[in-house]
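A.B. asks: Before anything else, here's the structure in question.
The values are calculated or read from the model by the stated rules, or taken from the named source; none is laboratory data. Source: prediction; values computed, not measured. For neighbour counting, all protein chains shown are included, and Cβ atoms are generated from backbone atoms with ideal geometry for every residue, glycine included. Surface accessibility is based on the protein's heavy atoms, side chains included, excluding ligands, DNA and RNA. Shrake-Rupley method; radii C 1.70, N 1.55, O 1.52, S 1.80 Å.
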Amino acid sequence: MSTLRTQKDASTTPPVSLTSRRGWWHRTRDGAFRGAVTGSVLVGLAVLVALIVQSLVEGWPKLNWNLITSFPSSFPEKAGIQSAIFGTFWMVGIVLVVAIPIGVGAAIYMEQFADTEAWYNRFIDVIIQNLAAVPSIVYGILGLAFLARGFLNLGPVVLTAGLTLSFLVLPVVIIASREALRAVPSSILDGALALGATRWQGVSRQVLPAAIPGIATGSILAVSRAIGEAAPLLLLGALQFITFNPTGLNSSFTALPIQIFNWVSRPNVGFHVAAAAAIIVLLCITLLMNAVAIWLRNRFQQTW
Amino acid sequence: MIERPMSENRGAVVMDEPERTREGSSDAGVAPEAGADAVLQESAKLAEVTRERRRQVKKDADAETVFELKDVAVTYGGSYAVQGVSMSIRKNEITALIGPSGCGKTTVLRCLNRTNDLIQGAKVHGQVLYHDIDLYGPKVEPVEVRRRIGMVFQKPNPFPKSIYDNVAFGPRVGGFKGNMDELVERSLRRAALWDEVKRDLKASAMALSGGQQQRLCIARCIAVEPDVILMDEPCSALDPVSTLRIEELMDELVSEYTIIIVTHNMQQAARVSDRTGFFTVAEGQDEKDHRIGILVEYDLTPTVFTNPSDPRTEAYVTGRFG
Ligand SMILES: Nc1ncnc2c1ncn2[C@@H]1O[C@H](COP(=O)(O)OP(=O)(O)O)[C@@H](O)[C@H]1O
Ligand SMILES: [Mg+2]
């Protein structure tokens with residue numbers, strides 16, 4: 001109170017000024033920074049738009065149902081991507097069945113049960129962070145050495161490819177799931193435990209369900225990235241000319257990125273058109289998955 | 001956990017001060033806020049009548065002891081948070097724990113249902129007897145303890161599910177076999193929430209108001225049919241009207257349960273409790289000049305507020321703390 005009064009009485013109160021006291025240099029620098037940032041966004045967008053437009057223009061003549069319902073052929077006008085789409089879906093199915101349960105399980109262990117101070121858990125933590133950054137071709141080598149050949153000797157079949165992609169997305173799924181679990185406030189688990197639930201009951205019936213939207217979003221994004229991968233599949237020996245859909249886990253297969261890679265490298269320009277059309281289909285699948293992920297997040301994510 | 005700095009707590013005490021002096025009695029069940037409407041005051045008066053009646057009855061019967069704390073101390077990672085707490089808590093009474101922030105009220109409360117076990121590095125020393133059983137004995141199962149000794153938290157923490165599922169969760173994990181609909185209704189009625197939510201039990205608990213959420217948490221706790229309800233500043237996130245409802249609720253529940261409530265609102269302790277324990281922090285007790293919480297005084301609430309035996313208690317309850 002007293003300080004307030006003395007301030008009012010004081011005749012030396014400085015006049016209020018709301019104009020900027022910063023010089024032209026600061027303002028220019030701010031402007032330049034903003035320009036640079038906006039520029040980078042625009043470059044990114046421009047590249048994406050150019051890619052889509054270019055593929056659309058080039059692939060337009062072949063962008064029809066026949067493309068999707070036909071199998072590869074030596075004649076570009078007859079060639080289609082049915083076996084590639086099915087191959088991709090088979091792999092996605094394997095990834096969903098293998099990587100998601102293991103990834104979510106690992107995340108639950110690390111977030112809710114592991115002793116975070118223990119050296120081995122910190123070690124695992126660092127390993128997983130690093131694995132998420134390992135180039136996909138390295139996973140291809142891993143799959144080739146341990147799954148396709150080596151001890152398991154599965155051969156270049158759809159199971160090998162699905163498992164290899166599972167390894168590829170596993171670290172990303174674990175990290176996304178851990179984040180989703182961490183976003184559930186600890187008060188939820190405390191509340192469950194205070195009602196006489198065991199830790200497992202509290203985690204499995206309250207924390208995990210609350211984290212599922214986040215886990216699903218992260219997992220879908222990880223899988224949608226994986227279905228565009230060509231490198232590990234090439235290494236595994238995915239065949240490029242398959243005129244049938246996979247019939248089982250040990251079926252030979254092809255996949256969309258493989259098919260595209262094959263067509264692009266052909267001299268016949270007709271196949272380039274087919275490749276462009278296939279790129280559009282692949283982009284559509286990826287965008288659709290991302291859209292589902294975003295919808296899931298907006299629809300179900302809990303604000304605490 | 002967010003800890004309020006000491007100065008902030010002092011601020012809260014000072015703010016409460018005019019109200020108490022205005023009424024001239026520390027134990028009066030007055031409306032908690034100046035300018036509260038007539039309804040609020042009316043219900044406050046009604047609540048006060050029931051409370052008086054209850055206290056009359058209480059004085060005759062010598063209640064049995066539920067908790068016996070014997071020289072309890074708690075360490076976090078080796079350093080003492082609270083020390084030398086001995087008190088006995090009686091059945092069907094409301095026991096209030098008051099004191100400045102950081103004096104270990106929550107810590108002591110968490111000893112009573114073994115939730116301190118969940119904190120890495122926390123260790124309980126001394127003895128906590130629950131109906132003459134050592135709570136920290138070798139054969140005691142913490143999950144079983146928590147089933148009998150429920151807890152309501154400072155911030156309402158409903159599960160992000162339907163109202164029904166919130167109440168049904170405890171009984172479900174406890175293996176309840178009876179009629180769940182009936183149990184849910186009964187619990188919501190006892191928590192004075194039924195009339196507000198009965199139309200749509202499938203509605204999300206997150207859509208309820210803060211006060212309703214807290215009553216839902218109480219209903220959820222009651223549904224397990226515990227013996228004791230621990231409440232850690234259950235009204236600190238609520239408006240005065242909701243606070244009053246919770247206080248009335250405690251008053252009704254105490255006929256069936258033993259309630260222990262932590263509060264830093266002294267008016268609340270004075271209004272609702274039968275006994276009050278006053279904690280404070282003793283400075284520089286050990287070699288590291290570490291601040292340790294201690295129990296200064298534990299007595300019948302009117303005694304603590306009108307005739308305390310320790311000068312520190314008197315300073316605190318009259319707002320001259322510090
Ligand atoms: N989980 C914890 N880990 C370490 N120290 C803690 C923890 N919880 C509380 N403490 C310490 O114990 C003391 C008492 O805290 P608390 O029981 O929360 O006080 P109150 O509830 O009275 O405000 C404080 O000094 C606080 O820093
Ligand atoms: Mg506290």
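A.B. asks: Pairs of Cα atoms under 8 Å, at least six residues apart: use those to get the relative contact order of the stretch B:56-206, whole percent.
C.D. replies: On the way: 177 pairs, mean separation 31.1, N = 151.
Relative contact order for the stretch B:56-206 comes out at 21 percent.
A.B. asks: Amide H of B:Val296 versus every other amide H placed in the peptide plane: which residues, excluding those fewer than 5 positions away on the same chain, fall under 5 Å?
C.D. replies: For B:Val296, whose amide H was placed from the backbone, the distant partners under 5 Å are B:Phe278, B:Phe279, B:Thr280.
A.B. asks: Another one. Taking every residue in B:145-152, how many Cβ atoms of other protein chains lie within 10 Å of its Cβ, on average?
C.D. replies: 3
A.B. asks: Could you order B:His264, A:His272 so the one with the most accessible surface comes first? Probe is 1.4 Å. Intermediate values should be presented prior to the final figure.
C.D. replies: Details: B:His264 35, A:His272 55 Å².
Putting B:His264, A:His272 in descending order of accessible area: A:His272, B:His264.
A.B. asks: Once you order the gyration tensor axes a ≥ b ≥ c over the Cα atoms, which shape class does the stretch A:210-304 get: rounded for a/c under 1.5, otherwise prolate or oblate by comparing a/b with b/c?
C.D. replies: Numbers: a/c = 3.23, a/b = 2.00, b/c = 1.62.
Prolate.
A.B. asks: Here is a follow-up. Enter the mean number of other protein chain beta carbons within 10 Å of the beta carbon of each residue in B:168-179, as an integer.
C.D. replies: On the way: counts 0, 9, 6, 2, 4, 10, 4, 1, 0, 0, 0, 0.
Taking all residues of B:168-179 together, the mean is 3.
A.B. asks: Sticking with this one: How big is the Kirkwood radius of the stretch B:151-224, worked out from every pair of different alpha carbons and given in Å to one decimal?
C.D. replies: Values: mean 1/r = 0.0846 Å⁻¹.
In the stretch B:151-224 this quantity evaluates to 11.8 Å.
A.B. asks: Would you mind getting the accessible area per residue of the stretch A:65-303, heavy atoms of the protein chains only, 1.4 Å probe, in Å²?
C.D. replies: Details: 10880 Å² over 239 residues.
Normalised by residue count, the accessible surface of the stretch A:65-303 is 46 Å².
A.B. asks: I need the phi-derived Karplus couplings for the stretch B:160-174: 6.51 cos²θ - 1.76 cosθ + 1.60, θ = phi - 60°, integer Hz, Gly and Pro marked x.
C.D. replies: The phi angles translate into x, 9, 6, 4, 4, 5, 4, 6, 6, 4, x, x, 4, 5, x Hz.
A.B. asks: Then there is this: In degrees between 0 and 90, to the nearest 10, how far off the longest principal axis of chain A does helix A:24-59 point, with axes built from Cα atoms?
C.D. replies: Helix A:24-59 sits roughly 20 degrees off the main axis of chain A.
A.B. asks: Okay, next question. Local charge sum around B:Gly121 (other residues, Cβ-Cβ under 13 Å, Lys/Arg +1, Asp/Glu -1)?
C.D. replies: -2
A.B. asks: Sequence-distant or interchain residues sharing an amide H contact under 5 Å with B:Val66, placed H: which?
C.D. replies: When sequence neighbours closer than 5 places are left aside, the close amide H contacts are B:Ile89, B:Arg90, B:Lys91.
A.B. asks: Order these peptides, B:183-190, B:250-257, by their mean beta-carbon neighbour count within 10 angstrom, highest first. Please report the intermediate quantities before stating the final value.
C.D. replies: Numbers: B:183-190: 20.0, B:250-257: 18.1.
Packing proxy ranking, top to bottom: B:183-190, B:250-257.
A.B. asks: Need the per-residue list for the stretch A:156-199: every residue with at least 50 Å² less accessible surface in the complex of protein chains than in the chain by itself, probe 1.4 Å, sorted by number.
C.D. replies: By number: A:Leu193, A:Ala194, A:Leu195, A:Gly196.
A.B. asks: List the accessible area buried at the contact between B and A, summed over both sides and calculated with a 1.4 Å probe, in Å² to the nearest 100. Before the final figure, lay out the partial values.
C.D. replies: Numbers: alone 15140 and 17840 Å², together 31120 Å².
That pair hides around 1900 Å² of surface in total.
A.B. asks: While we're on this one: Sort all Cα-Cα distances of the stretch B:209-280 into consecutive 5 angstrom bins from zero, then give the percent of pairs in each bin up to the one containing the longest distance.
C.D. replies: All Cα pairs considered, the percentages come to 4, 15, 30, 27, 17, 7, 1.
A.B. asks: Where in the stretch B:81-108 does the label zone of B:Ser309 land, with the point 7 angstrom along Cα→C-beta and an amide N cut-off under 14 Å?
C.D. replies: Hits in the stretch B:81-108 for B:Ser309 at 14 Å: B:86-88.
A.B. asks: At a 1.4 Å probe radius, carbon and sulfur cover how many percent of the accessible area of the stretch A:65-303?
C.D. replies: Numbers: 7520 of 10880 Å².
The computed percentage sits at 69.
A.B. asks: Would you pull out the residues with amide H under 5 Å of B:Val72's amide H, same chain only if 5 or more places away, H placed 1.01 Å from N?
C.D. replies: B:Gly84, B:Val85, B:Ser86, B:Gln127
A.B. asks: In nanometres, what is the gap between the two model label sites at A:Trp304 and A:Asp190, each 7 Å from Cα along Cα-to-Cβ?
C.D. replies: About 1.1 nm, to one decimal.
A.B. asks: Kindly sort B:Met266, A:Met289 by accessible area of their heavy atoms, largest first, with the probe set to 1.4 Å.
C.D. replies: On the way: B:Met266 5, A:Met289 40 Å².
The residues order as A:Met289, B:Met266, largest area first.
A.B. asks: From the protein chains alone at 1.4 Å, what is the descending order of accessible area for A:Trp90, A:Trp65, largest first? Walk me through the numbers before you get to the answer.
C.D. replies: Numbers: A:Trp90 80, A:Trp65 185 Å².
Largest to smallest exposure gives the sequence A:Trp65, A:Trp90.
A.B. asks: Moving on to the next point. At a probe radius of 1.4 Å, what is the per-residue accessible area of A:Arg297, in Å² to the nearest 10?
C.D. replies: 100 Å²
A.B. asks: Moving on to the next point. Dividing the convex hull volume of the Cα atoms of chain A by its residue count, what figure in Å³ per residue is obtained?
C.D. replies: Numbers: hull volume 77.5 nm³, N = 304.
Dividing the Cα hull volume of chain A by its residues yields 255 Å³.
A.B. asks: Compare A:Ile227, A:Ile280, A:Ile124 in a GNM of chain A, Cα atoms joined below 10 Å, and give the one with the largest fluctuation.
C.D. replies: Most flexible of the set in this elastic network: A:Ile124.
A.B. asks: If you count, for every residue in B:158-165, the Cβ atoms of partner chains within 10 Å of its Cβ, what is the mean? Spell out each step's value before the answer.
C.D. replies: Details: counts 3, 10, 10, 4, 0, 0, 0, 2.
The per-residue average across the peptide is 4.
A.B. asks: Using only the C-alpha atoms of the protein assembly as shown, find the volume of their convex hull and express it per residue in Å³. Walk me through the numbers before you get to the answer.
C.D. replies: Numbers: hull volume 165.3 nm³, N = 626.
It comes to 264 Å³ per residue, whole-number rounded.
A.B. asks: What value, in deg cm²/dmol to 500, does the helix sum -39500 (n - 2.57) over DSSP H runs of n ≥ 4 give at 222 nm once divided by the residues of chain A?
C.D. replies: Working: 13 runs with 200 residues, N = 304.
Mean residue ellipticity, 222 nm, calculated: -21500 deg cm²/dmol.
A.B. asks: State, to one decimal in nm, how far the label point of A:Thr28 lies from the label point of B:Asp239, with both points 7 Å from Cα in the Cβ direction.
C.D. replies: Here the answer is 5.5 nm between the modelled labels.
A.B. asks: Let me ask something else. Keeping all protein chains in the complex and leaving out DNA, RNA and ligands, what accessible area do you get for B:Asp132 with a 1.4 Å probe, in Å² to the nearest 10?
C.D. replies: 140 Å²
A.B. asks: In addition: Any idea what the relative contact order of the stretch B:205-283 is, in percent, if you count C-alpha pairs under 8 Å spaced at least 6 apart? Can you show the working numbers first?
C.D. replies: On the way: 52 pairs, mean separation 25.2, N = 79.
Across the stretch B:205-283, relative contact order equals 32 percent.
A.B. asks: Here is a further query. Taking 8 Å as the Cα distance limit and 6 or more residues as the minimum spacing, I'd like the relative contact order of the stretch A:138-279 as a percentage.
C.D. replies: Details: 153 pairs, mean separation 40.6, N = 142.
Over the stretch A:138-279, the number comes to 29 percent.
A.B. asks: Okay, next question. Too long at a 28 Å Cα-Cα cut-off: which of B:Lys155/B:Lys202; B:Lys91/B:Lys123; B:Lys91/B:Lys139; B:Lys91/B:Lys202; B:Lys123/B:Lys161? Present the calculation step by step, with values, prior to reporting the outcome.
C.D. replies: Working: B:Lys155/B:Lys202 22 Å; B:Lys91/B:Lys123 26 Å; B:Lys91/B:Lys139 24 Å; B:Lys91/B:Lys202 36 Å; B:Lys123/B:Lys161 34 Å.
Pairs exceeding the cut-off: B:Lys91/B:Lys202; B:Lys123/B:Lys161.
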